[in-house]
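The values are calculated or read from the model by the stated rules, or taken from the named source; none is laboratory data. Owing to the predicted nature of the structure, the values given are computational and were not obtained by experimental measurement. Methodologically, a virtual Cβ is constructed for each residue, glycine included, from the backbone with ideal geometry; neighbour enumeration extends over all protein chains shown. Quick note on the areas: whole protein, heavy atoms, side chains included, nothing else; ligands and nucleic acids left out. Shrake-Rupley method; radii C 1.70, N 1.55, O 1.52, S 1.80 Å.
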Amino acid sequence: MDYYKSNALYEHLTNINNPKFTFCSGNIWQLVYGDSNSNPKLLVLLIGIKQSEIGGLFDPNQSAYRNLKYVSDNSKIPLIVVQFINDVPEIENVYVLKDDHHFISISLIELTEIFKNNGLPIKASSTAKYLNDKSSSAYHNWQRNSLGYNITVTDIDLWEIQNLIPQSVFELKRSYINMESWKPYTDDYANFRLLANLVIPIGIGFKIIYNKRIKIPFTDIIDPLKIFDVGINPTLSISNGVLVPLNEFTK
């Protein structure tokens, strides 16, 4: 079950093999959890695995973990690594990284306690099992139903890296609206604040990238991109956005 695979920008960056950029796709997510005021409380590297992969060793040198670890170390926001089995009908436990390489099994109720103990104001839930379905994973169903609405949560779409050090993170957005007209939706501001509050205080930039999608024939237009700078001084600020040629962005 691959709930989200890729997009045109990811595919282009993969094709040009530019080490300046890293991202996660497929069954791995870099999640940021915060309270209702978008104050970050917990980082989660979430990995969907097959049942046959249980017990495999974790590689702490992979970029997905290394980037989150850098942010965690510098922001003092805790980081956990969670594996869940994505090729079974339902899950009642997950696997949490105990040391540099090994995972231990915990119940979903115990996972809820980890979120509580890290300062997240989540609702109580006694549900022990969650189902996979066509639109989402069992973990994401657990998150939606067990953590409640008093938290903010988002994932990190794209990183710009230099000498293994994160320089910027990017939120990717796409729609059918013309490039000149589109601007970030206010409904997303809580998640924008969450990322901004996480990375900007530790010297990492935060930008929003927009590209247009055409319905017929179905096409993602990624040249040019519309890029918005995001700040917190002290409230959220978002620039008007500029059109940037793709080759200029990736150079």
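Quote the charge dipole size of the chain about the Cα centre in Debye, to the nearest 20; the model charges only the Cβ of Lys and Arg (+1) and of Asp and Glu (-1). List each step's numbers first, then the result.
Values: 23 positive and 25 negative charges, 95 e Å.
Approximately 460 debye in magnitude.
With n ≥ 4 as the cut-off for DSSP H runs, can you work out [θ] at 222 nm for the chain, using -39500 (n - 2.57) per run divided by the number of residues, rounded to the nearest 500? Kindly include the intermediate steps, with their values, before the conclusion.
Working: 6 runs with 57 residues, N = 251.
Using -39500 (n - 2.57) per qualifying helix, the result is -6500 deg cm²/dmol.
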Check: Setting aside same-chain residues fewer than 8 positions from LYS50, which lysines have a Cα under 17 Å from its Cα?
Finding: LYS5, LYS134
Item checked: Under Karplus coefficients 6.51, -1.76 and 1.60, residue-wise ³J(HN,Hα) of the range 154-165 in Hz, glycine/proline x -> 8, 10, 9, 7, 8, 10, 9, 10, 9, 6, 6, 10
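Explain nothing, just the number: dipole magnitude of the range 27-168 about its Cα centre with +1 on each Lys and Arg Cβ and -1 on each Asp and Glu Cβ, in debye rounded to the nearest 20. Can you show the working numbers first?
Numbers: 11 positive and 15 negative charges, 61 e Å.
Computed about the Cα centre, the dipole is about 300 debye.
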Check: Among ILE47, ILE208, GLY148, whose Cα sits farthest toward the positive end of the charge dipole of the chain (+1 at Cβ of Lys/Arg, -1 at Cβ of Asp/Glu, about the Cα centre)?
Finding: ILE208
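Round to a whole number: what % of the accessible area of the range 129-177 belongs to carbon and sulfur, probe 1.4 Å?
Numbers: 1090 of 2310 Å².
Accessible surface attributable to carbon and sulfur in the range 129-177 totals 47 percent.
Work through the residues other than LEU45 whose Cβ is under 12 Å from its Cβ and net out their charges, Lys, Arg +1 and Asp, Glu -1.
Values: positive: ARG66, LYS69; negative: ASP59, ASP155.
So the environment of LEU45 carries a net charge of 0.
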Item checked: Straight-distance crosslink candidates among aspartates and glutamates, where the alpha carbon sits under 15 Å from LYS212 and sequence neighbours closer than 8 are dropped -> GLU171, GLU180, ASP220, ASP223
Margin query: With the cut-off at 23 Å, tell me which of the pairs LYS41/LYS251; LYS76/LYS251; LYS183/LYS207; LYS116/LYS183; LYS123/LYS207; LYS207/LYS251 have Cα atoms farther apart than that.
Written below: LYS41/LYS251; LYS76/LYS251; LYS116/LYS183; LYS123/LYS207
Next item on the list: Using only Cα atoms, find the angle between the long axis of helix 63-75 and the longest principal axis of the chain, and express it within 0 to 90 degrees, rounded to the nearest 10.
Entry: 90 degrees
Checklist line | Label point 7 Å beyond Cα of SER63 along Cβ direction - residues of the range 189-207 with amide nitrogen under 19 Å | finding: 204-207
Margin query: Here are a few candidate values for Cα extents along the principal axes in Å: (1) 48, 41, 36; (2) 56, 34, 34; (3) 77, 43, 38. Which one was actually calculated from the structure I just gave you?
Written below: (1)
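Give the calculated FRET efficiency between SER181 and HIS102 to the nearest 0.05, with a Förster radius of 45 Å applied to their Cβ-Cβ distance.
Once rounded, the FRET efficiency stands at 0.30.
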Check: Peptides 69-76, 38-45, 53-60: what's the order by average Cβ count within 10 Å, highest mean first?
Finding: 38-45, 69-76, 53-60
Margin query: What do you get for the angle between helix 108-117 and the principal long axis of the chain? Use alpha-carbon atoms, 0 to 90 degrees, nearest ten.
Written below: 60 degrees
Next item on the list: Check the straight Cα-Cα distances from LYS98 and name the lysines below 16 Å, setting aside those fewer than 8 residues away within the same chain.
Entry: LYS69
Checklist line | Sum of side-chain charges, VAL230 neighbourhood, beta-carbon under 15 Å (Lys, Arg +1; Asp, Glu -1) | finding: 0
